[in-house]
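The values are calculated or read from the model by the stated rules, or taken from the named source; none is laboratory data. As the structure is a computational prediction, the values presented were derived from the model and not from experiment. In this analysis, Cβ positions are derived from the backbone assuming ideal geometry, glycine residues included, and neighbour counts consider all displayed protein chains.
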Amino acid sequence: MPIYPIRVFPDPVLRLPTTPVVEFGPDLARLVDDMLETMYEAPGVGLAGPQIGISKQLFVADVGDGPFVMVNPEIVETSGKWKFEEGCLSVPGRWWEFNRPAFARARGLDVDGNPIEYAGDELLGRLLQHEIDHLHGMLLLDRLPRRLRKEALSDLRNVTPMGGP
Ligand code: ZN
């Protein structure tokens, strides 16, 4: 099974809109397996389609309770507030501490197209929000408070060869 190269900021594919998955079958199952392998190899706790250049609405994850996949997911509920040091495989080697809602509930489909729901606080809640952001072309950088974001972007510009004005 191939391991995909992970797309890194400022790769424009990370900003593209994604389309819902409409075909469920062996090709999707294979893609999910390959995404999980890529995620574990990285290593990371979540990986969304755009991060391997696939502009489809799906992500894989494992926050310690085993692997799962969500297809066409959406956040349906959030609450609370939790400060956490968050990173992203597409912004490697960087972590920023910032607030997001502590709890999140997401609904979507599993690899066979059956409705599923995941909900949790702290790490799982955070992950659901982070991965679903990817499917909307958003990165954690977009969630940083303004001053922190300015610092982060200028910092990334200085070290990323593809960066520039
Ligand atoms: Zn990410």
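Quick check, is P17 farther than 17 Å from L128 by Cβ, under 15 Å from the mean Cα position of the chain (by Cα) and not β-branched (V, I, T)? So P17 passes the test.
Being assigned to a strand (DSSP E or B) and at pLDDT 95 or above is a description that applies to G108.
Considered as a group, the residues in region 26-76 that are part of a helix (DSSP H, G or I) and buried (at least 20 other Cβ atoms within 10 Å of the Cβ) include one that is farthest from the chain's Cα centre (by Cα), and that residue is L31.
Residues in region 32-43 that are of a type outside the set (D, E, K, R) and either farther than 20 Å from L124 by Cα or in contact with an Asp or Glu (Cβ under 9 Å, 6 or more places away or on another chain) (or both): L36, M39, Y40. The requirement of being at positive phi and touching a residue at least 24 places away in the same chain (Cβ under 8 Å) is fulfilled nowhere in region 39-50; no residue meets it. Is it fair to say V69 is of a type in the set (A, V, I, L, M, F, W, C) and away from the ligand (no atom under 12 Å from the Cβ)? Here the answer is yes, as V69 does meet what is asked. Restricting attention to region 104-126, does a residue exist that is surrounded by 15 or more Cβ atoms within 10 Å (Cβ to Cβ) and within 12 Å of the ligand (Cβ to nearest atom)? Among the residues of region 104-126, at least one is surrounded by 15 or more Cβ atoms within 10 Å (Cβ to Cβ) and within 12 Å of the ligand (Cβ to nearest atom), which makes the answer yes. Only one of the numbered conditions (1) charged (D, E, K, R); (2) in contact with a strand residue (DSSP E or B) (Cβ under 8 Å, 6 or more places away or on another chain); (3) farther than 24 Å from P12 by Cβ is violated by K56, and that is (3).
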